[in-house]
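Inspection log for the structure reproduced underneath, given as structure tokens.
The numbers here are math on the coordinates, done by the rules we state, and not lab data. The structure displayed is predicted, hence computed values, not measured ones. Reconstructed Cβ throughout: ideal geometry from the backbone, glycine too, with neighbour counts over all protein chains shown.
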Amino acid sequence: MVFRLNHHLHHAVTDLPEDISSPKQGGFWWAHLRWLYQTEPADKKHWAPELTGGIYRIWGWAETPVNVLSVFIGLILGLGWMGFFWMGALRLVYSLHLQCLVNSLTHLGEGKEGDSSINVWWLGPFQLTAWGENWHKNHYTPAGSARLGLRWYQTDRHRLVLHLDAGSYWPGALRQASPRLVTGRAACACKILFSPPRLVR
């Protein structure tokens with residue numbers, strides 16, 4: 001939930017001084033990890049009021065047990081120390097850093113004011129199940145799209161998972177950007193427009 005709050009804030013003021021997770025404001029390591037532990041969460045009522053009630057309240061007390069289970073799942077399943085390291089610690093460290101690279105590495109573009117996001121093609125294969133978030137320039141316009149890859153060569157597993165999930169529970173609930181939105185210089189530079197995944201009610 002904290003990620004969602006901060007992510008909404010980040011999109012509202014991308015790479016401006018108010019952006020708490022921008023490498024333009026605090027450097028690579030700030031954007032990669034430090035901001036996660038050294039900033040206060042964004043205001044929930046302002047940036048994600050839907051998270052203040054309903055089923056989301058459960059996560060408040062479930063978050064810690066779920067994280068502990070994630071770390072110790074190998075031991076719990078009786079797979080010993082090898083299971084602990086490969087299914088728990090190493091898997092979580094790998095996942096954390098590959099996800100954090102989306103926030104740090106893909107915002108090292110040359111935008112002088114505001115959004116400086118870029119697409120980093122070689123990052124995708126390292127992300128495995130998150131493959132698609134490396135098309136980060138595509139992640140900002142138009143708002144509300146669940147589509148990260150806009151070209152045939154832009155692998156987007158993220159979109160597939162969302163469509164399978166939304167198709168099962170919320171048919172027709174996902175919006176997506178059209179490749180026709182990509183024109184001119186942006187298309188030539190492969191800095192293709194995209195926006196954050198979001199379910200539309």
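Return the pair list, or none, for Cβ contacts closer than 6 Å from residues in segment 31-57 that are aromatic (Phe, Trp, Tyr) to residues that are assigned to a helix (DSSP H, G or I), at least 6 apart or on different chains.
Final answer for the pair search is 47/5; 47/8; 47/9.
Scanning segment 17-72 for residues that are charged (D, E, K, R) and within 17 Å of the chain's Cα centre (by Cα), which turns out farthest from residue 108 (Cα to Cα)? Show your work before the answer.
To start, the set of residues in segment 17-72 that are charged (D, E, K, R) comprises 18-19, 24, 34, 40, 43-45, 50, 57, 63.
After this cut, where a residue has to be within 17 Å of the chain's Cα centre (by Cα) as well, the list is 19, 34.
Working: 19: 14, 34: 16 Å.
Step by step, filter segment 17-72, then rank; the result is 34.
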